[in-house]
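The values are calculated or read from the model by the stated rules, or taken from the named source; none is laboratory data. Note that this is a predicted model, so its numbers are computed, not measured. Neighbour counts are summed over all protein chains in view; Cβ atoms, including those assigned to glycine, are modelled from backbone coordinates with ideal geometry.
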Amino acid sequence: MEDRELFLKAKEVMPRAYAPFSGFKVGAALLSTDGRVFTGVNVENSSYGGTICAERGACMKAISEGAQKFEMIAIATSEDFAWPCGLCRQFLYEFAPDLKVIAGPDEDNLRTLTLKELLPEGFRL
Ligand SMILES: [Zn+2]
């Protein structure tokens with residue numbers, strides 16, 4: 001699967017995010033090594049601390065469906081673009097330290113980094 005195609009899947013689900021507090025909607029599409037795509041959106045909560053990011057939402061969905069190895073994740077936001085937060089970087093590092101991460105304001109201006117570039121010396125047992 002190409003970067004652009006995965007990003008478009010993230011962009012497609014992004015409007016479904018529940019972000020009444022920040023207004024910052026995020027969609028993520030996580031590609032597993034067996035070719036499946038798992039999407040997620042950020043879900044905010046009145047408690048704030050209960051908020052779950054799109055990247056972790058997609059990963060949770062994948063794990064529950066039996067996928068634990070991943071090649072690439074794409075992230076689309078409602079405002080410009082963003083890389084995964086620190087918590088999500090560590091969360092994804094558990095399963096895919098060599099993950100390819102794609103983000104951009106739109107499918108014609110994508111940027112790519114690896115998870116190791118975003119989280120050097122990530123923690124693993
Ligand atoms: Zn996050």
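Pairs are defined by a Cβ separation below 8 Å, a sequence spacing of at least 6 or placement on different chains, a first member in the stretch 97-125 that is surrounded by fewer than 13 Cβ atoms within 10 Å (Cβ to Cβ), and a second member that is of a type in the set (Val, Ile, Thr); the pairs so defined are Asp98/Thr114; Arg111/Ile102. Looking only at the stretch 45-87, count how many residues are surrounded by fewer than 21 Cβ atoms within 10 Å (Cβ to Cβ), touching a strand residue (DSSP E or B) at 6+ places or on another chain (Cβ under 6 Å) and closer than 18 Å to Pro15 by Cβ. The total comes to 3. Scanning the stretch 25-40 for residues that are surrounded by 22 or more Cβ atoms within 10 Å (Cβ to Cβ) and β-branched (Val, Ile, Thr) returns a single hit, Val26. Scan the stretch 23-39 and tell me whether some residue there is more than 20 Å from Leu8 (Cα to Cα) and either of a type outside the set (Gly, Ala, Ser) or within 15 Å of the ligand (Cβ to nearest atom) (or both). Scanning the stretch 23-39 turns up no residue that is more than 20 Å from Leu8 (Cα to Cα) and either of a type outside the set (Gly, Ala, Ser) or within 15 Å of the ligand (Cβ to nearest atom) (or both).
Residues satisfying the criterion are present in the stretch 72-79 (criterion: modelled with pLDDT under 95 and more than 9 Å from the ligand (Cβ to nearest atom)). In the stretch 43-66 there is no residue matching the filter, namely being part of a strand (DSSP E or B) and away from the ligand (no atom under 16 Å from the Cβ). Of all residue pairs spaced 6 or more apart or on separate chains, those with beta-carbon atoms under 8 Å, a first member in the stretch 42-58 that is among the aromatic types (Phe, Trp, Tyr) and a second member that is more than 9 Å from the ligand (Cβ to nearest atom) and part of a loop (DSSP other than H, G, I, E, B) are Tyr48/Phe21.
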